[in-house]
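Report on the following structure.
The values are calculated or read from the model by the stated rules, or taken from the named source; none is laboratory data. Small disclaimer: the values here were computed from a predicted structure and weren't measured. Positions of Cβ are backbone-derived with ideal geometry, glycine not excepted, and every protein chain shown enters the neighbour counts. Please note that ligands, DNA and RNA were not included when accessible areas were found on the heavy atoms of the full protein model with its side chains. Shrake-Rupley method; radii C 1.70, N 1.55, O 1.52, S 1.80 Å.
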Amino acid sequence: MSHAVLSAAEGAIPAKREITTKPRFSDRVFRAVVSSGALSSLIILGLIFFFLAFQGYSVLRSQGLHFITSSNWQVVTDTAGNVDPKHTQFGIAAMLIGTFLCSLIAIIVAIPVSVLAALFLNFYAPPVFKKIMVAVVDLMAAFPSILFGLWGFFVLMPSAEYWAKLIHHFFGFIPVFQVDPPIFTRSPFVAGLVLAVMIIPIITSVSREVFSQTPLDRIQAAYALGATRWSMIRAVVLPYGRSGVVGGAMLGLGRALGETVAVYTVLNIVYQVNWHVLLGAGGNVASMILLKFGEAGPQEIKALMAAGLVLFLLTLLVNLGADLVVRRSGGKGR
Amino acid sequence: MSDEMTTERGPGLVSSLGDVARRRFESKSVTTPVQGVGLEARGIHAWFGDRMVLEDMSLDFWSGTVTALIGPSGCGKSTFIRTLNRMHEFIPGAAMAGQVLLNGEDIYSSGTDVTKIRLKIGMVFQKPNPFPSMTISENVLAGLKLAQLKVDNKDDLLEECLERAGLWNEVKDRLSSYGGSLSGGQQQRLCIARSLAVRPEVLLMDEPCSALDPGSTLRIEETISHLAASMTIIIVTHNMQQAARVSDYTAFLLSDGGPGKMVEFGPTGEIFSRPKDIRTENYVTGRFG
């Protein structure tokens, strides 16, 4: 009888079974704890976004695209002290471009330095020295930014001014290196260098970690083929660690984009778009918010919130882009 | 048969492996004359930290021959083979004593360019390890780039190396796909081709087939047989059949809990059919290890 049943079912494809398990109580509790931890960070981020959007909405609405394409920032009041909405203008183009320039300079300077430092620590440094250096680098990554700002202002800037003059002297024919009038202090170049010093520890730390995970069998394969240390690094370590370096660079870039106090200390903020990186006139969204916040009236506060929102979105966009780059270049070499 | 059963040291397995080895020896001795000593190990000792893992290994490896190193796990085979091309020193805390002579010159003497040594003494590892960021042809030619060597015709070298490693027919139509896309056995032959491209005089193989299926193992053994005509090959293996099939000489290493030592060395046929030491016989007949 059972045979007949079996043979009748033969040939027919059975329906897929739903596979379930009943989690234990302890598992469910732990799941809830972990999920709430994960969700809370998302919720806080979302709340910040909505707060900024809510506060900045009226300004964004009245200014429209001008908010990110123009560089005028003036609050016009009538004789009674009321804000005149017709003539009041808020535009952060100069600040956005300044932010972009400073961060770009920071990244261009920081990546090679960090990668070389990470390679040195992993493959060249004597063990004791390596231990000390790793601790120092990690400590530097957590340094308060105002200290970088002060150091940048008093120590780095005088030297950087000299370097800027050199660059201007030899490469002044390239438009971005033109300086007119000749003011070399508090330029995007200086701010970029301070930012670079700030993010070098972060990128170094992440890169070193990734480099140190390079599979030993690949390293040995290279050495067994008569590789020198440097050719082994180029053939094995760099391809393996590339996506990690990009990831570290993005962490650094995120910090550079949003850095406020250090930039504020060493950058001359001017409401005019300036592509000349050596000229002492720049912009930075975060620093501008700090600069204006103390004396801003209610309407201007809203505009600052809107600027914050733009910065928020910019950072998000950069990170998404970086993620894309990592994913595209990842896989290979791994 | 009954004759063999009554002899003192002649159980079935020993004689059958001995036959395998003898057949190989006879077929080979016709085609390849021995060309002289390629590599000599003199009094090799090795340590990891304070622990001595290898004691007083002295062996000559003749050009144009295959030497198998056999012995149970932990007897120092791999350590020994890694002292032969200075890969041993990569392990933190590793130390060695003794001499390794390549064409009469000590590869450990001060002032030696170790990268040049490794060009002459190539190595194939237990786990296939092609460079995943490189294509098949880039993998084969990787050694040239790594050691900054110049070659006139790369395409010829590429084909020659893949041919010698027995891989050419399988990959000739997809030389620009990545090394990781090959099967495990193909990857291992790719690694062999890669080590051939820098034209080593000696090839060290550290259990090259232990991660592979029987079919791939067979292909690699054929490859070894072909290569043996033109170079010195030293192979570490756990597979007694393999040692009997591919090698001309066999060294048996053993550790009694202390450092590994060489128990016996001789022509493979003799090691498998008439071992002098009872420990060798017990090992090759599968009584332990």
Exercise. Which one of the conditions (1) in a helix (DSSP H, G or I); (2) in contact with a helix residue (DSSP H, G or I) (Cβ under 8 Å, 6 or more places away or on another chain) does residue A:131 fail to meet, given that it meets all the rest?
Worked result: (2)
Exercise. Looking only at the stretch B:160-176, which residues are farther than 19 Å from residue B:122 by Cα and either within 12 Å of chain A (Cβ to nearest Cβ) or among the acidic types (Asp, Glu) (or both)?
Worked result: B:170, B:173
Exercise. Given the conditions (1) more than 18 Å from residue A:231 (Cα to Cα); (2) open to solvent by 50 Å² or more (accessible area, probe 1.4 Å); (3) more than 9 Å from chain A (Cβ to nearest Cβ); (4) not acidic (Asp, Glu), which single one is not true for residue B:151?
Worked result: (1)
For this session: Could you tell me which numbered condition residue B:131 fails, if it satisfies all but one of (1) of a type outside the set (Asp, Glu); (2) open to solvent by less than 20 Å² (accessible area, probe 1.4 Å); (3) part of a helix (DSSP H, G or I); (4) within 8 Å of another protein chain (Cβ to nearest Cβ)?
Result: (3)
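Any idea which of A:125, A:135 is open to solvent by less than 30 Å² (accessible area, probe 1.4 Å), free of Cβ contacts under 8 Å to residues at least 12 places away in the same chain and not basic (Lys, Arg)? Spell out the reasoning first.
Values: A:135 fails: open to solvent by less than 30 Å² (accessible area, probe 1.4 Å).
Step by step, each of A:125, A:135 is checked, and only A:125 is open to solvent by less than 30 Å² (accessible area, probe 1.4 Å), free of Cβ contacts under 8 Å to residues at least 12 places away in the same chain and not basic (Lys, Arg).
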For this session: Tell me the strands (runs of 3 or more DSSP E) entirely within the stretch B:213-270 that contain at least 3 residues that are over 18 Å from residue B:192 (Cβ atoms) and in contact with a strand residue (DSSP E or B) (Cβ under 6 Å, 6 or more places away or on another chain).
Result: B:249-255, B:260-267
Problem set entry | Residues located in the stretch B:251-267, provided they are surrounded by fewer than 18 Cβ atoms within 10 Å (Cβ to Cβ), modelled with pLDDT of 90 or more and among the charged types (D, E, K, R) | B:261
Seminar exercise, completed: By my count, strands (runs of 3 or more DSSP E) wholly in the stretch B:32-126 with at least 3 residues that are open to solvent by less than 10 Å² (accessible area, probe 1.4 Å) are B:37-48, B:51-62, B:66-70, B:121-124
Exercise. Only one of B:206, B:248 is within 14 Å of chain A (Cβ to nearest Cβ), open to solvent by less than 50 Å² (accessible area, probe 1.4 Å) and closer than 18 Å to residue B:69 by Cβ; which?
Worked result: B:206
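Does residue A:185 count as away from chain B (no Cβ under 14 Å) and open to solvent by less than 40 Å² (accessible area, probe 1.4 Å)? Spell out the reasoning first.
On the way: away from chain B (no Cβ under 14 Å): yes; open to solvent by less than 40 Å² (accessible area, probe 1.4 Å): no.
Considered against the rule, which asks whether it is away from chain B (no Cβ under 14 Å) and open to solvent by less than 40 Å² (accessible area, probe 1.4 Å), residue A:185 comes out as no.
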Exercise. (1) loosely packed, with under 14 Cβ neighbours inside 10 Å; (2) at pLDDT below 90: which one isn't true of residue A:179, the others all being true?
Worked result: (1)
Exercise. Can you tell me how many residues in the stretch A:49-96 are over 12 Å from residue A:307 (Cα atoms), outside any loop (DSSP other than H, G, I, E, B) and of a type in the set (Val, Ile, Thr)?
Worked result: 3
Exercise. Are any residues in the stretch A:206-230 open to solvent by less than 10 Å² (accessible area, probe 1.4 Å), within 31 Å of the chain's Cα centre (by Cα) and either at the interface with chain B (Cβ under 7 Å from one of its Cβ atoms) or of a type in the set (A, V, I, L, M, F, W, C) (or both), and if so, which ones?
Worked result: A:211
For this session: Could you give me the residue pairs with C-beta distances under 6 Å whose first residue belongs to the stretch A:262-274 and is assigned to a loop (DSSP other than H, G, I, E, B), whose second residue is of a type in the set (Phe, Trp, Tyr) wherever it lies, and which are 6+ apart or on separate chains?
Result: A:271/A:73
Exercise. Mind checking whether some residue in the stretch A:143-160 is on the phi > 0 side of the Ramachandran plot and open to solvent by less than 80 Å² (accessible area, probe 1.4 Å)?
Worked result: no
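Of everything in the stretch A:275-295, what is more than 21 Å from the chain's Cα centre (by Cα) and either without any contact (Cβ under 8 Å) to a residue 60 or more places away in the chain or assigned to a helix (DSSP H, G or I) (or both)? Give them in sequence order. Break it down stepwise before answering.
Kept after step one, since they are more than 21 Å from the chain's Cα centre (by Cα), are these residues of the stretch A:275-295: A:276, A:278-281, A:291-295.
Of everything in the stretch A:275-295, those that are more than 21 Å from the chain's Cα centre (by Cα) and either without any contact (Cβ under 8 Å) to a residue 60 or more places away in the chain or assigned to a helix (DSSP H, G or I) (or both) turn out to be A:291, A:292, A:293, A:294, A:295.
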Exercise. Just wondering, is there one or more residues in the stretch B:39-54 that are within 14 Å of another protein chain (Cβ to nearest Cβ) and at positive phi?
Worked result: no
